Amino acid sequence: MLLKPISEAQGKYKMSKVLEVTGLEGGYGSVQILYGIDLYVDQGEFVTIIGPNGCGKSTFLKVVFGLTTLHNGTVSHNAADISGWRTDKLVKRGIAYVPQVDNVFPSLSVKENLLMGGIDLKSDEISIGIDRSLKMFPDMKYRMNDLAASLSGGERQMLAISRALISNPSFLMLDEPTAALSPRYQQEILANIDNLRNDGISVLVVEQNARLSLARSDRGYIFSSGKVAYSGNAEDILRDPEIGRYFLGLNSSGRE
Ligand SMILES: Nc1ncnc2c1ncn2[C@@H]1O[C@H](COP(=O)(O)OP(=O)(O)OP(=O)(O)O)[C@@H](O)[C@H]1O
Ligand SMILES: [Mg+2]
């Protein structure tokens, strides 16, 4: 019997990237916003995207999630090409997304919001999904019959994340999950997101609270005018005085 070459055997066991984006160009219809984005998320990673307002962070997540136009480039999930796939197919593959705004239905109860997260699932899958979400966000258990409108900002974010978890994703993208929250909730939400990794969920987060999110991240990307201006280890980004001055709201002495 012939032994396989070492390189081939290694390749078989190499961990694939949950997300690998190369040369992504995209935007809204014919309007181009993103210019050649290269970005990846490894299995089990927490990756943060930061950058100034309007530089294309939300647009990037929306293109990956099939919500707006991909012009060029490739998007892969676990080594399979998913470029241009429809959102419902992406959800079935285990990809989930929590949008920046309007991420809960205020006039529906917490329970109804959670059920909406499993709209394409069978009823037994929905119950399993709800149990899994409640295990991660146990506080929601006591709010099931309350209207989402009655929740605080932090609780709404928890509900939005819980809803995204109903479909049992292995890769979750979140757009500014701590926006407009009190410092206590910012920490709590990011800690909860970080914990999702214990359940095998890799995460890609867009954040304005750059330092808080990078402090929990493995790696970070800095977007500027629709391009990746810098990418690297989160620790290196946090330590870089130039990046601090331009992107993290720090002055040259490292203070806010
Ligand atoms: N639906 C749309 N149609 C056309 N252009 C849009 C649309 N939504 C956003 N844009 C434009 O795309 C560009 C990037 O917007 P995007 O929302 O991706 O930025 P962002 O980095 O997420 O900003 P923020 O930090 O403010 O959330 C902006 O110039 C914006 O005006
Ligand atoms: Mg945005």
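The values are calculated or read from the model by the stated rules, or taken from the named source; none is laboratory data. As the structure is a prediction and not an experimental result, all values here were calculated from the model. Positions of Cβ are generated from backbone atoms using ideal geometry, with glycine treated the same way; all protein chains shown enter the neighbour counts. Side chains are part of the model used for accessible areas, which takes the heavy atoms of the whole protein and leaves out ligands, DNA and RNA. Shrake-Rupley method; radii C 1.70, N 1.55, O 1.52, S 1.80 Å.
Every residue in region 83-97 that is part of a loop (DSSP other than H, G, I, E, B) and either within 10 Å of PHE65 (Cα to Cα) or open to solvent by 30 Å² or more (accessible area, probe 1.4 Å) (or both), please.
SER83, GLY84, TRP85, ARG86
Consider only pairs whose beta carbons are under 7 Å apart and that are at least six residues apart or on different chains; among these, list those whose first residue lies in region 49-62 and is assigned to a helix (DSSP H, G or I) and at pLDDT 95 or above and whose second residue is open to solvent by 10 Å² or more (accessible area, probe 1.4 Å) and within 8 Å of ligand 2 (Cβ to nearest atom).
Qualifying pairs under 7 Å: SER58/GLN100.
Inspect all residues belonging to region 155-175 and state whether any of them is under 26 Å from SER123 (Cα atoms), of a type outside the set (A, V, I, L, M), open to solvent by less than 20 Å² (accessible area, probe 1.4 Å) and outside any helix (DSSP H, G or I).
yes
When you scan region 177-186, do you find a residue that is basic (Lys, Arg) and farther than 16 Å from SER58 by Cα, even just one?
Yes; the residues of region 177-186 include at least one that is basic (Lys, Arg) and farther than 16 Å from SER58 by Cα.
Regarding region 210-221, can at least one residue be identified that is in a strand (DSSP E or B), touching a helix residue (DSSP H, G or I) at 6+ places or on another chain (Cβ under 7 Å), at pLDDT 95 or above and crowded, with 18+ Cβ neighbours inside 10 Å?
Looking through region 210-221, at least one residue is in a strand (DSSP E or B), touching a helix residue (DSSP H, G or I) at 6+ places or on another chain (Cβ under 7 Å), at pLDDT 95 or above and crowded, with 18+ Cβ neighbours inside 10 Å.
Mind counting the residues in region 98-118 that are aromatic (Phe, Trp, Tyr) and not in a loop (DSSP other than H, G, I, E, B)?
Of the residues in that region, 0 qualify.
Which condition number does LEU39 fail, the rest of (1) touching a His at 6+ places or on another chain (Cβ under 7 Å); (2) within 16 Å of ligand 1 (Cβ to nearest atom) being met?
(1)
Those residues that are open to solvent by less than 30 Å² (accessible area, probe 1.4 Å) and modelled with pLDDT of 95 or more, I need them from region 99-109; list them, please.
Result: SER109, single match.
Would you point out the residue of region 38-54, among those that are closer than 21 Å to ASN103 by Cβ and of a type in the set (S, T, N, Q), that is most open to solvent (accessible area, probe 1.4 Å)?
ASN53
Give the number of residues within region 55-82 that are within 16 Å of ligand 2 (Cβ to nearest atom) and open to solvent by less than 30 Å² (accessible area, probe 1.4 Å).
Qualifying residue count, region 55-82: 11.
May I ask you to list the residues in region 24-37 that are more than 15 Å from ligand 2 (Cβ to nearest atom) and surrounded by 12 or more Cβ atoms within 10 Å (Cβ to Cβ)?
The answer is LEU24, GLU25, GLN32, TYR35, GLY36.
Against the definition (open to solvent by 10 Å² or more (accessible area, probe 1.4 Å) and outside any helix (DSSP H, G or I)), how does ALA229 come out, yes or no?
When the stated conditions are applied, ALA229 passes them.
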